[in-house]
Amino acid sequence: MKAITLWQPWASLIAAGVKRYETRSWAPPAALIGQRIAIHAAKRPVELERLSVELIAALSRLSWDELPLTLGGVVCTAVLAGAYRLGAPGHDADFITIAEARPGSFPLQLVHEDIYGDYSFGRWAWLLVQVQPFATPIRAKGMQRIWEWKEGENS
């Protein structure tokens, strides 16, 4: 199964069903649209200065039981339903227009902006659905970009 590594708390926010989009400067391979991928939490913790005041406030409202901040493990799998290059803000300030969608993406007109991603013009929003969290994260090394994860192989 293909996998992607994210810093915490973003990996666990996906596992908890709070974060619907992963935002990146690059598009996923078109072959991944509609496929289940593994969401891996990086081994190193994020620097605190990368967390916005809004994100820290939102995290404080979540139960830590809902949001295990495991490092170095696959926390869930999800179906990559679509990938959308972001355009200009929509008429409603919480929505961003879509400039381009990867072939096979779920049809959307707008992407709902939240505090969990960077929705800047030209970036990509990856829509993650059918999230299946693991009760216990599975240890794995992780890598940058897209990588191959074989469940049961500890790293």
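Between Ala135, Ala93, the distinction of being over 20 Å from Leu32 (Cα atoms), small (Gly, Ala, Ser), free of Cβ contacts under 8 Å to residues at least 24 places away in the same chain and not in a loop (DSSP other than H, G, I, E, B) belongs to Ala135 only. From the set of residues in segment 130-155 that are among the aliphatic types (A, V, I, L, M) and at pLDDT 95 or above, which is nearest to Ala78 (Cα to Cα)? Among those that are among the aliphatic types (A, V, I, L, M) and at pLDDT 95 or above, it is Val131.
Could you tell me how many of the residues in segment 1-29 are over 15 Å from Ser105 (Cα atoms) and either assigned to a helix (DSSP H, G or I) or of a type in the set (A, V, I, L, M) (or both)? The total comes to 12.
Considering segment 85-129, the residues that are in contact with a helix residue (DSSP H, G or I) (Cβ under 7 Å, 6 or more places away or on another chain) and at pLDDT below 90 include one that is surrounded by the fewest Cβ atoms within 10 Å (Cβ to Cβ), namely Ile115.
The values are calculated or read from the model by the stated rules, or taken from the named source; none is laboratory data. Every value quoted in this text rests on a predicted model; they were computed, and no experiment measured them. Heads up, the Cβs are rebuilt from the backbone with ideal geometry, glycines too, and the neighbour counts pull from every protein chain shown.
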